[in-house]
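The values are calculated or read from the model by the stated rules, or taken from the named source; none is laboratory data. Here the structure is a predicted model, which means the values were calculated and not measured. When we count neighbours, we look across all protein chains shown, and the Cβ atoms used for this are built from the backbone with ideal geometry, even at glycine.
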Amino acid sequence: MGEARFYYKNMDAPTPNQPMSVGVVALIEKDNKLLMERRTDSRRWAIIGGAIKKDESLIDGLYREVNEETGLKISKYELFGTFSDPSRIIQFPDGNVKRIITIAYKVEVEPYEKLVCSDESLELKYINRAELELITVAETHISILEHYMKNHNLILE
């Protein structure tokens, strides 16, 4: 099986062959750094989050995804934005291709000792701006990160 591929404003993106998917991401800051995961399915860095299940609310999915991917528990959240450009496409290793809509939240977490990687992550790391410019980020997350840094004065140095 191949790797997941992410497309954003890319004329070469494949046509979706599955229903549209709605997901959530959690923008979690600590010491002016943003928590990111390096995904197992693509080796690209991404914001913590994932798809909403059919039987859960956005907030239930946010709590589940943060806990599953990091071991962290949310103490507070606020809506950051909705990212629904129809060119946001993911091609999964199994051949499924979906257009994705992502709801982003600024999230605070309860105190913790360490981060716990899930099977979906190779690595979890708080990343500063200099590092962010050097890593390969999933294309569908780049616009979220740019918007977040630009409009919320995130220093990330």
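Within segment 18-55, being surrounded by fewer than 15 Cβ atoms within 10 Å (Cβ to Cβ) and either in a loop (DSSP other than H, G, I, E, B) or in contact with a Cys (Cβ under 7 Å, 6 or more places away or on another chain) (or both) holds for Q18, P19, M20, D31, N32, R43, K53, K54, D55.
Only one entry in T82, T102, T15 is of a type in the set (S, T, N, Q), in contact with a Gly (Cβ under 8 Å, 6 or more places away or on another chain) and not in a helix (DSSP H, G or I), namely T102. On the given criteria, is K30 of a type in the set (D, E, K, R), modelled with pLDDT of 95 or more and out of contact with any Ser or Thr (no Cβ under 8 Å at 6 or more places or on another chain)? No: the conditions fail for K30. Of all residues in segment 27-42, those satisfying the criterion of being in contact with a Lys or Arg (Cβ under 8 Å, 6 or more places away or on another chain) and not charged (D, E, K, R) are L27, L35, M36, S42. Within segment 46-96, being in contact with a strand residue (DSSP E or B) (Cβ under 6 Å, 6 or more places away or on another chain), closer than 26 Å to V116 by Cα and of a type in the set (G, A, S) holds for A46, G49, G50, A51, G61, S75. Looking across segment 103-128, the residues that are in contact with a helix residue (DSSP H, G or I) (Cβ under 7 Å, 6 or more places away or on another chain) and of a type outside the set (A, V, I, L, M, F, W, C) come down to Y105, S118, E120, S121.
The sole residue among E78, E123, E69, E110 that is closer than 23 Å to R43 by Cα, touching a Lys or Arg at 6+ places or on another chain (Cβ under 6 Å) and either at pLDDT below 95 or of a type in the set (D, E) (or both) is E123.
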